[in-house]
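J.: Pasting a structure here, questions to come.
The values are calculated or read from the model by the stated rules, or taken from the named source; none is laboratory data. Just so you know, these numbers come straight off a predicted model, no measurement behind them. Every residue, glycine among them, receives a Cβ derived from its backbone with ideal geometry; neighbour counts consider all protein chains shown.
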Amino acid sequence: MNIILFGPPGAGKGTQSKYLVKKLNSFQISTGELLRNEIKNNTDIGKKIINDINDGKFVSDEIVNDLIQEYIFDPIKKNRLIFDGYPRSVSQAKNLNKLIERSNQKIDFIFFLNVKKDVIIKRIENRKVLENRSDDNLNTILKRYDKYMETTKPVLEFYSKNPNFKEIDGNQEIDEITRKIDAFINV
Ligand code: AMP
């Protein structure tokens with residue numbers, strides 16, 4: 001089963017991805033994590049993207065599309081992909097469709113975790129204490145939220161016509177969100 005988790009930063013995509021990875025014996029593709037690793041390892045890509053990440057701006061489609069490609073075509077991961085934080089633009093969504101088709105796969109579910117801004121701010125403030133992420137200060141959070149609203153609306157529209165698109169109230173507790181996801185995938 002291939003699943004896309006969609007929603008603003010702090011919506012709980014990472015938490016639910018980790019749950020789904022265990023449950024479905026699948027693989028999480030978190031573009032945020034892949035990009036942070038590039039920075040940590042001080043690679044050429046890492047040097048190019050560090051300012052954008054710390055400013056809450058999106059990294060170029062070209063860089064992100066390149067990073068996910070090898071996961072999609074890895075035979076071990078075939079039909080066992082959990083996308084977390086990708087796609088974030090219509091051009092990424094179209095690129096994903098193309099790669100999924102070319103690798104003879106399909107997307108089984110697109111879950112949109114819809115969360116209010118004030119709930120997200122509280123969650124990210126807590127995560128900052130727990131994980132110490134450099135892009136987790138309040139200013140960056142607000143920029144990331146606004147950037148999300150501005151660029152992902154068209155992606156939502158793009159996916160909302162798909163019968164596998166399911167909106168879930170992401171303001172709820174983690175376990176309740178998990179229960180809703182389970183209800184969809186267990187049928
Ligand atoms: P995340 O961990 O998903 O919240 O992502 C952290 C940061 O990585 C974002 O604020 C963006 O700067 C960058 N990023 C992650 N995924 C993408 C993507 N699909 N396209 C562009 N930038 C991304």
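J.: Kindly evaluate L20 against the criterion of being under 29 Å from K166 (Cα atoms), crowded, with 18+ Cβ neighbours inside 10 Å, modelled with pLDDT of 95 or more and within 8 Å of the ligand (Cβ to nearest atom). Write out each step before concluding.
T.: Values: under 29 Å from K166 (Cα atoms): yes; crowded, with 18+ Cβ neighbours inside 10 Å: yes; modelled with pLDDT of 95 or more: yes; within 8 Å of the ligand (Cβ to nearest atom): no.
Taking the combined requirement at face value, the residue does not satisfy it.
J.: Next question, about the same structure. Among the numbered criteria (1) of a type outside the set (F, W, Y); (2) over 25 Å from N54 (Cβ atoms); (3) surrounded by 16 or more Cβ atoms within 10 Å (Cβ to Cβ), which one does S89 miss?
T.: Against the list (1) of a type outside the set (F, W, Y); (2) over 25 Å from N54 (Cβ atoms); (3) surrounded by 16 or more Cβ atoms within 10 Å (Cβ to Cβ), S89 comes up short only on (2).
J.: Now for a separate question. Does K13 satisfy the condition of being touching a residue at least 60 places away in the same chain (Cβ under 8 Å), among the basic types (K, R) and within 9 Å of the ligand (Cβ to nearest atom)?
T.: yes
J.: Say we look at segment 148-158 and pick out the residues that are touching a residue at least 60 places away in the same chain (Cβ under 8 Å), surrounded by fewer than 18 Cβ atoms within 10 Å (Cβ to Cβ) and not aliphatic (A, V, I, L, M); which of these is nearest to K57 (Cα to Cα)?
T.: In this case the residue turns out to be T151.
J.: Before we move on, is L113 within 16 Å of the ligand (Cβ to nearest atom), aliphatic (A, V, I, L, M), within 12 Å of A11 (Cβ to Cβ) and surrounded by 17 or more Cβ atoms within 10 Å (Cβ to Cβ)?
T.: yes
J.: Still on this model: Go through (1) under 14 Å from the mean Cα position of the chain (by Cα); (2) under 17 Å from L35 (Cα atoms); (3) assigned to a helix (DSSP H, G or I); (4) not acidic (D, E) and name the single condition Y86 misses.
T.: With (1) under 14 Å from the mean Cα position of the chain (by Cα); (2) under 17 Å from L35 (Cα atoms); (3) assigned to a helix (DSSP H, G or I); (4) not acidic (D, E) applied to Y86, the lone miss is (3).
J.: In addition: List the pairs whose first member sits in segment 36-53 and is more than 16 Å from L67 (Cα to Cα), whose second member is small (G, A, S), and whose Cβ atoms are under 9 Å apart, counting only residues at least 6 apart or on separate chains?
T.: So the pair list comes out as D52/S60.
J.: Would you check which residues across segment 68-92 are of a type in the set (A, V, I, L, M, F, W, C) and modelled with pLDDT of 95 or more and list them?
T.: I68, I72, F73, I76, L81, I82, F83, listed by residue number.
J.: Can you name the residue in segment 64-75 that is in a helix (DSSP H, G or I) and in contact (Cβ under 8 Å) with a residue 24 or more places away in the chain and, of all such residues, is farthest from L35 (Cα to Cα)? Working first, answer last.
T.: The first filter runs over segment 64-75 and keeps only residues in a helix (DSSP H, G or I), leaving 64-72, 75.
Cutting the leftovers down to in contact (Cβ under 8 Å) with a residue 24 or more places away in the chain gives us 64-65, 67-69, 71-72.
On the way: V64: 8, N65: 12, L67: 9, I68: 11, Q69: 14, Y71: 14, I72: 17 Å.
Among those that are in a helix (DSSP H, G or I) and in contact (Cβ under 8 Å) with a residue 24 or more places away in the chain, it is I72.
J.: Quick one: count up the residues across segment 162-178 that are surrounded by 12 or more Cβ atoms within 10 Å (Cβ to Cβ), free of Cβ contacts under 8 Å to residues at least 12 places away in the same chain and assigned to a helix (DSSP H, G or I).
T.: Final tally of qualifying residues: 1.
J.: Scan segment 24-47 residue by residue and report those that are more than 12 Å from the ligand (Cβ to nearest atom), in a helix (DSSP H, G or I) and loosely packed, with under 15 Cβ neighbours inside 10 Å.
T.: Answer for segment 24-47, where residues must be more than 12 Å from the ligand (Cβ to nearest atom), in a helix (DSSP H, G or I) and loosely packed, with under 15 Cβ neighbours inside 10 Å: K40, D44, K47.
J.: Oh, and also: Looking at L99, is it modelled with pLDDT of 90 or more, surrounded by fewer than 18 Cβ atoms within 10 Å (Cβ to Cβ) and of a type in the set (A, V, I, L, M)?
T.: Spelling it out, L99 is indeed modelled with pLDDT of 90 or more, surrounded by fewer than 18 Cβ atoms within 10 Å (Cβ to Cβ) and of a type in the set (A, V, I, L, M).
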